Amino acid sequence: MICYTPKEVADRWKCSAAHVRKMIDNGELPAFRAGGKLLRVPESALQEYERCQNTSSSVSVEAGPSPSIKEGSASAVASLNAAMRRERQRSSAESSRTRSAR
């Protein structure tokens with residue numbers, strides 16, 4: 001079984017390893033702990049996540065990828081942008097609930 005570290009996933013998606021770990025913590029990206037400590041993302045989970053992001057009709061990238069990004073990376077960027085958009089919406093909703101509860 002091929003597995004990736006959060007850093008390797010981040011390099012692939014052109015984002016930070018902290019963002020990948022946050023996605024894992026939020027349950028958006030399946031992962032497991034090797035040896036009880038080291039996070040690993042199975043290749044099958046990574047491919048499934050990317051496939052689901054690529055087939056979603058609601059995914060749109062406002063600015064689009066730069067011409068220097070390889071074709072395979074463009075879909076990863078679109079997936080990451082969609083995930084980041086969902087996270088911002090979730091965080092905003094949580095902040096609103098917290099403020100109204102005070």
Looking at region 23-58, which of its residues are buried (at least 16 other Cβ atoms within 10 Å of the Cβ) and out of contact with any strand residue (DSSP E or B) (no Cβ under 8 Å at 6 or more places or on another chain)? Met23, Ala45, Tyr49, Glu50, Gln53
All-but-one check, Lys37 against (1) basic (Lys, Arg); (2) more than 9 Å from the chain's Cα centre (by Cα); (3) more than 21 Å from Met1 (Cβ to Cβ), failing number (3)
Condition met for Glu48 (modelled with pLDDT under 95 and either under 26 Å from Met1 (Cβ atoms) or assigned to a helix (DSSP H, G or I) (or both)): yes
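The values are calculated or read from the model by the stated rules, or taken from the named source; none is laboratory data. As the structure is a computational prediction, the values presented were derived from the model and not from experiment. In this analysis, Cβ positions are derived from the backbone assuming ideal geometry, glycine residues included, and neighbour counts consider all displayed protein chains.
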